[in-house]
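The values are calculated or read from the model by the stated rules, or taken from the named source; none is laboratory data. Everything quoted here is computed from the prediction, not taken from an experiment. Reconstructed Cβ throughout: ideal geometry from the backbone, glycine too, with neighbour counts over all protein chains shown.
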Amino acid sequence: MMASLHPQLQQGLSMELVCPAGNYPSLKAAVDSGADAVYIGFKDDTNARHFAGLNFNDKKAFKALDYARDRGVKVFVAVNTYPQPQGWERWTKAVDLAADLGVDALIAADMGVLGYAAERHPELGLHLSVQGSATNYESLKFYHSEFGIRRAVLPRVLSMSQVRHVASQSPVELEVFAFGSLCIMAEGRCYLSSYVTDQSPNTCGACSPANAVRWEEQPNGGLETRLNNVLIDRYEPGENAGYPTLCKGRFRVEGNTFHALEEPTSLNTLELLPQLQEVGVSAVKIEGRQRSPAYVEQVVSVWRQAIDAMQANPAEYAAKHEWMAALDAVSEGSQTTLGAYSRPWQ
Amino acid sequence: MKLSMGPVLFFWQREAVYQFYRELAEQPVDVIYLGEAVCSKRRELKTQDWIDLGRELAADGKQVVLSSLALIEAESELKTLRRLCDNGDLWLEANDMGAVQMLSERKLPFVSGSAINVYNARSLQALYRRGMRRWVMPVELSGETLAAILTDAQALGFADQIETEVFSYGHLPLAYSARCFSARARNLPKDNCQFVCLEYPQGMPLASQEDQSVFTINGIQTMSGQVYNLLPEVDEMKRIGVDLVRLSPRPEAMAEVIAQYRARIDGTDDGIAAIPADAVNGYWYKSAGLVNTQR
């Protein structure tokens, strides 16, 4: 029966839920809450969530792999920052370790890293990281023909109709961001953080890094947040203060002070799920390796229920109110948006 | 060492663009990049106009390269890119991997722009194998890293086959988005942007609430608030093996900036008066981009 289905529908039937695991407890939470795959990083700057206290050493990674595998869940490893000559061996070691682990996929962005992996470890499945910044099918053709990638994660810059178009021409499976923090810039092509702090996602796996952050209480009870001394936002007493991510600060443009780039808000595409399946997206990704196990459990559970409901009956699917409420409760600024998928947001 | 002029990253009126290139044809720059690299909605000059203008400048003795869009999302943008690729004689600067793919399929030599992520020699080699013959270093990298990349490229045996270019002057392109921040600042949706960026030939300054200049808004592109200027580093760049120094067009004082760089490259200058005085150079010295390292 399956063979007679339209290929996109076949893909859709197996829409994969890809979940973040910043540490072992989060990995267990993701696996136990219904993830189809989890993605992890190693404890250094080879991945784009290089934060203190996060990620896996080799021993923990083996343990994580066992836990996930025993329960039929795939493990992906992100080695998705851009090595400079001085650090090259760290990246090749990370790729070698991923190969030793026998992970289901290596998520990488840098052409050097992808080339090394393809050459040394041809058995390793390659996914192009969102940091690879491939936003069109010609770009996907490059990574597919050059490195044999099997899947690509699309940057959060495309509208729904653009995702559909890319999917119709793509030589590889597509994974899209479904939920979590919203990068407003094309991933892999944003240096705002290094311009202000000297560390960027590409170079160090960090955006608006914690070591550059200062929270300063004001005499009136308000708060100022700074990044390497640059004022990112100013809060009135009692106002909810957010982490000073550069693109979410309040700045002055033409005499107005406002969120000139983006409000503190999260991406939530729960209501787009049937469309994503219909256009042929193979996997949806939850952002948040820096989040707590409780967050992971909450978010993954909701998405598991939603995907199951959608796959049981796509025509009748609607994002349930209680799912949306549960996701809003854990979202940045308690607000969510469809982001670039929705044209008016752009 | 050659002096190049990058594409105009801001949206200028058609007449201003032609005026700029008429003057530039008389200036001592060796290489001219031109075309729309930021937003496909900007059509004061159409694709054919850019190609025609490029041919005129080439006839004037300049080496001309057509710059292509940095963030390619729509089929219409790929179509424009195909037309540029098929222009017949002028080289292209690829600013998206989609352009790299198209150019290599056509077996055309190309320039890899600063929006292509090359952080090590292995990446550079992958592009070289696909036909890249000149690359512009990503702007967030330092002189030290550049030197190391070129040493590695030498060891890999292709360094002599390519040229290296460094973005040395102007507002640095830092990020690209689906969203248009110029339209947002004017409370307009992107689909009805009314081309407000035409009103900002130097971009829209974005400052902190303490009036510290941080970024420059330029449509879907975010640029550095300050002007980057590596004039004093020209000698060091020569030593490392940089072949071209790139200036990025601003509406002001370009003739003076060209004269300064020309003199520095030719070794005929006497002293430095940076334009503007508050220019920065942090990236070159492995610091935050907005830092001005004392020379």
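Taking strands (runs of 3 or more DSSP E) that fall entirely within the stretch B:178-295, which contain at least 1 residues that are more than 29 Å from A:THR225 (Cβ to Cβ), of a type outside the set (S, T, N, Q) and touching a residue at least 40 places away in the same chain (Cβ under 8 Å)?
B:244-247
Quick check on the stretch B:34-49. Is at least one of its residues out of contact with any helix residue (DSSP H, G or I) (no Cβ under 7 Å at 6 or more places or on another chain), of a type in the set (Ser, Thr, Tyr), surrounded by fewer than 21 Cβ atoms within 10 Å (Cβ to Cβ) and in a helix (DSSP H, G or I)?
No; the residues of the stretch B:34-49 include none that is out of contact with any helix residue (DSSP H, G or I) (no Cβ under 7 Å at 6 or more places or on another chain), of a type in the set (Ser, Thr, Tyr), surrounded by fewer than 21 Cβ atoms within 10 Å (Cβ to Cβ) and in a helix (DSSP H, G or I).
Taking the stretch A:294-325 only, how many residues are of a type in the set (A, V, I, L, M), buried (at least 16 other Cβ atoms within 10 Å of the Cβ) and closer than 16 Å to A:GLY34 by Cβ?
8
Residues A:PHE51, A:PHE56: which one is modelled with pLDDT under 95 and buried (at least 20 other Cβ atoms within 10 Å of the Cβ)?
On inspection, the qualifying residue turns out to be A:PHE56.
Looking at the stretch B:160-204, which of the residues that are away from chain A (no Cβ under 11 Å) and hydroxyl-bearing (Ser, Thr, Tyr) is nearest to B:GLN63 (Cα to Cα)?
Of everything passing the filter in the stretch B:160-204, B:THR164 is nearest to B:GLN63 (Cα to Cα).
Tell me which residues, restricted to the stretch B:129-141, are surrounded by fewer than 24 Cβ atoms within 10 Å (Cβ to Cβ) and more than 9 Å from chain A (Cβ to nearest Cβ).
Hits for the stretch B:129-141 are B:GLY131, B:ARG133, B:ARG134.
Exactly one of (1) more than 24 Å from B:TYR200 (Cβ to Cβ); (2) buried (at least 19 other Cβ atoms within 10 Å of the Cβ); (3) in contact (Cβ under 8 Å) with a residue 24 or more places away in the chain is unmet by B:LEU81. Its number?
(3)
Yes/no matrix, rows are residues, columns are (1) more than 12 Å from chain A (Cβ to nearest Cβ); (2) under 25 Å from B:GLY203 (Cα atoms); (3) in contact (Cβ under 8 Å) with a residue 24 or more places away in the chain:
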residue	(1), (2), (3)
B:LEU57	yes, no, yes
B:LEU90	yes, no, yes
B:MET97	no, no, no
B:VAL100	no, no, yes
B:GLU105	no, no, no
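Any chance the stretch B:155-173 includes a residue that's surrounded by fewer than 16 Cβ atoms within 10 Å (Cβ to Cβ), touching a Lys or Arg at 6+ places or on another chain (Cβ under 9 Å) and at pLDDT below 95?
The answer is no; no qualifying residue exists.
Does B:PHE11 qualify as being in contact with a helix residue (DSSP H, G or I) (Cβ under 8 Å, 6 or more places away or on another chain), at pLDDT 95 or above and within 14 Å of chain A (Cβ to nearest Cβ)?
Here the answer is no, as B:PHE11 does not meet what is asked.
Quickly run through the stretch A:181-197 and pick out the residues that are in contact (Cβ under 8 Å) with a residue 24 or more places away in the chain, in a loop (DSSP other than H, G, I, E, B) and at the interface with another protein chain (Cβ under 10 Å from one of its Cβ atoms).
Selection gives A:CYS183, A:ILE184.
Which residues, taken from the stretch B:50-72, are outside any loop (DSSP other than H, G, I, E, B) and of a type outside the set (Gly, Ala, Ser)?
If the condition is that a residue be outside any loop (DSSP other than H, G, I, E, B) and of a type outside the set (Gly, Ala, Ser), then B:TRP50, B:ILE51, B:ASP52, B:LEU53, B:ARG55, B:GLU56, B:LEU57, B:GLN63, B:VAL64, B:VAL65, B:LEU66 are the ones that fit.
If you scan the stretch A:95-124, which residues turn out to be within 14 Å of chain B (Cβ to nearest Cβ) and either under 22 Å from the mean Cα position of the chain (by Cα) or buried (at least 23 other Cβ atoms within 10 Å of the Cβ) (or both)?
Within the stretch A:95-124, A:VAL95, A:ALA108, A:ALA109, A:ASP110, A:MET111, A:GLY112, A:VAL113, A:LEU114, A:ALA117 qualify.
Give me the residue from the stretch B:59-78 that is more than 18 Å from the chain's Cα centre (by Cα) and within 10 Å of chain A (Cβ to nearest Cβ) and, out of that set, surrounded by the fewest Cβ atoms within 10 Å (Cβ to Cβ).
Among residues in the stretch B:59-78 that are more than 18 Å from the chain's Cα centre (by Cα) and within 10 Å of chain A (Cβ to nearest Cβ), the one surrounded by the fewest Cβ atoms within 10 Å (Cβ to Cβ) is B:GLU75.
If a residue must be of a type outside the set (Ser, Thr, Tyr) and without any contact (Cβ under 8 Å) to a residue 12 or more places away in the chain, how many such residues does the stretch A:232-271 contain?
Going through the stretch A:232-271 one residue at a time, the tally reaches 9.
Does the stretch A:32-44 include one or more residues that are of a type in the set (Lys, Arg) and modelled with pLDDT of 95 or more?
Scanning the stretch A:32-44, I find no residue that is of a type in the set (Lys, Arg) and modelled with pLDDT of 95 or more, so the answer is no.
Which numbered condition in (1) within 23 Å of B:ALA16 (Cα to Cα); (2) acidic (Asp, Glu); (3) over 23 Å from the mean Cα position of the chain (by Cα) is the only one that B:GLU199 fails?
With respect to (1) within 23 Å of B:ALA16 (Cα to Cα); (2) acidic (Asp, Glu); (3) over 23 Å from the mean Cα position of the chain (by Cα), B:GLU199 is out only on (3).
With respect to A:GLN131, is the statement that it is polar (S, T, N, Q) and over 18 Å from the mean Cα position of the chain (by Cα) true?
No; evaluated as a whole, the condition is false for this residue.
If I ask for residues that are touching a Pro at 6+ places or on another chain (Cβ under 6 Å) and either among the charged types (D, E, K, R) or in a strand (DSSP E or B) (or both), which ones from the stretch B:118-170 would you list?
B:ARG133, B:ASP152
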